[in-house]
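The values are calculated or read from the model by the stated rules, or taken from the named source; none is laboratory data. Here the structure is a predicted model, which means the values were calculated and not measured. Please note: Cβ atoms are built from the backbone with ideal geometry, for glycine as well, and neighbour counts cover all protein chains shown. Ligands, DNA and RNA are stripped out before the accessible areas are found, and what is left, the full protein with its side chains, is counted by its heavy atoms. Shrake-Rupley method; radii C 1.70, N 1.55, O 1.52, S 1.80 Å.
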Amino acid sequence: MRMLERIKERINGPIVQHKRPEGVEAYWCLPTMAMEPERTPRENRALMEMGLAACREAREVDFADLAGRPNCKRWLTVWPGEHYKLLAGLVKVLRPGVVIEVGTAEGLSALAMKKYMPKEGKVVTFDIVPWEQITDTLLAREDFADGRLEQRLGDLADEKVFEANRQLMEGAEFLFIDGPKDNDFEWRLLEQLKTVRFRRPPILMFDDTKLWSMLKFWRELRYPKLDLTSFGHSSGTGLVQWEQG
């Protein structure tokens, strides 16, 4: 058994180690890999224009009010390197009526998007844990009072949960997917999305596309897409234009 462990260490060591390169200062680090561009990438000119416009808007985003809340993480206002201002910039450009978020967590992304949504727009954030049970949540009950932010509980990759929210999904125009990143949930969610007759083809944004567990998923995703990592999250930000099958 010990010999097998040693062999695994020799094989996996250079890949899975989380040690920082000597002399590099960083709050956290994760393994990833650089790969050649895809041989036959899908056309993404529209996404390029959208991404550029969102980045211009992101420069003007102000989160001073949110940053003053208790429990607010310092990275809310970091940009580039974090995706919160980019999310706000995309919302300003797209002006969606309905935004779907997968993964509420502390609520930073939901609040960042809600602040810059159109007055008639709504953010619906999904999680399997109620926001009140997150000890360091940034959310407060008042954030839900005007009806422009809602949390729904359930795993959207589950067929029954998805079916119960089908009508909502049909009106979605922007989806921010910050789920388990296990190269399983994401594929199952896409299969559910393929069954939706969207009123308008949505834009999808995937978080953490540079994580080891997300590399295969992002590489094999056959939709027009754009890597916006340099203007989003340092662990990977990917923009996707949905196409109805």
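Name every residue in region 194-204 that is free of Cβ contacts under 8 Å to residues at least 40 places away in the same chain and surrounded by 21 or more Cβ atoms within 10 Å (Cβ to Cβ), in order of residue number. Leu204 - this is the single residue of region 194-204 that is free of Cβ contacts under 8 Å to residues at least 40 places away in the same chain and surrounded by 21 or more Cβ atoms within 10 Å (Cβ to Cβ). Among all residues of region 19-27, there is none that is under 20 Å from Trp242 (Cα atoms), modelled with pLDDT under 80 and open to solvent by 70 Å² or more (accessible area, probe 1.4 Å). For region 186-218, give me each residue that is farther than 22 Å from Leu90 by Cβ and of a type outside the set (Val, Ile, Thr). Answer for region 186-218, where residues must be farther than 22 Å from Leu90 by Cβ and of a type outside the set (Val, Ile, Thr): Trp187, Arg188, Glu191, Gln192, Lys194, Arg197, Trp212, Ser213, Leu215, Lys216.
Whenever a residue of region 24-42 is at positive phi, it has no partner that is surrounded by fewer than 10 Cβ atoms within 10 Å (Cβ to Cβ) and part of a loop (DSSP other than H, G, I, E, B) lying with C-beta atoms less than 6 angstrom away and at least six residues away or across chains. Restricting attention to region 18-56, the residues being over 15 Å from Gly232 (Cβ atoms) and not in a loop (DSSP other than H, G, I, E, B) number 3. For region 39-49, residues that are at pLDDT 90 or above and open to solvent by 30 Å² or more (accessible area, probe 1.4 Å) total 4.
Quick check, is Thr137 under 17 Å from Leu87 (Cα atoms) and among the hydroxyl-bearing types (Ser, Thr, Tyr)? So Thr137 fails the test.
When the residues of region 158-172 are narrowed to those that are buried (at least 20 other Cβ atoms within 10 Å of the Cβ) and either of a type in the set (S, T, N, Q) or touching a strand residue (DSSP E or B) at 6+ places or on another chain (Cβ under 9 Å) (or both), which ends up nearest to Val123 (Cα to Cα)? Top of the filtered list is Ala172. Flag: Trp79 matches the condition of being modelled with pLDDT of 95 or more and within 19 Å of Ser234 (Cα to Cα). Among residues belonging to region 224-245 that are among the hydrophobic types (A, V, I, L, M, F, W, C) and closer than 13 Å to Ile177 by Cα, point out the one that is surrounded by the most Cβ atoms within 10 Å (Cβ to Cβ). My answer is Leu239. Flag not set for Glu191, criterion: part of a loop (DSSP other than H, G, I, E, B) and surrounded by fewer than 20 Cβ atoms within 10 Å (Cβ to Cβ).
The single condition from (1) of a type outside the set (S, T, N, Q); (2) surrounded by fewer than 19 Cβ atoms within 10 Å (Cβ to Cβ); (3) touching an Asp or Glu at 6+ places or on another chain (Cβ under 9 Å); (4) under 22 Å from Lys114 (Cβ atoms) that Asp207 fails is (2).
Close Cβ contacts (under 6 Å, 6 or more residues apart or on different chains) running from residues in region 46-64 that are over 13 Å from Tyr116 (Cβ atoms) to residues that are open to solvent by 70 Å² or more (accessible area, probe 1.4 Å) comprise Cys55/Phe231. The helices (runs of 4 or more DSSP H) found entirely in region 57-151 that carry 2 or more residues being open to solvent by 50 Å² or more (accessible area, probe 1.4 Å) and not aromatic (Phe, Trp, Tyr) are 64-67, 84-94. Figure legend. Inter-residue proximity from region 151-171: first residues free of Cβ contacts under 8 Å to residues at least 24 places away in the same chain, second residues among the small types (Gly, Ala, Ser) and not in a strand (DSSP E or B), beta-carbon distance below 7 Å, spacing 6+ or different chains. Indicated pairs: Val161/Gly154. Going through (1) surrounded by 21 or more Cβ atoms within 10 Å (Cβ to Cβ); (2) part of a loop (DSSP other than H, G, I, E, B); (3) touching a Gly at 6+ places or on another chain (Cβ under 8 Å) one by one, Met214 falls short only on (2).
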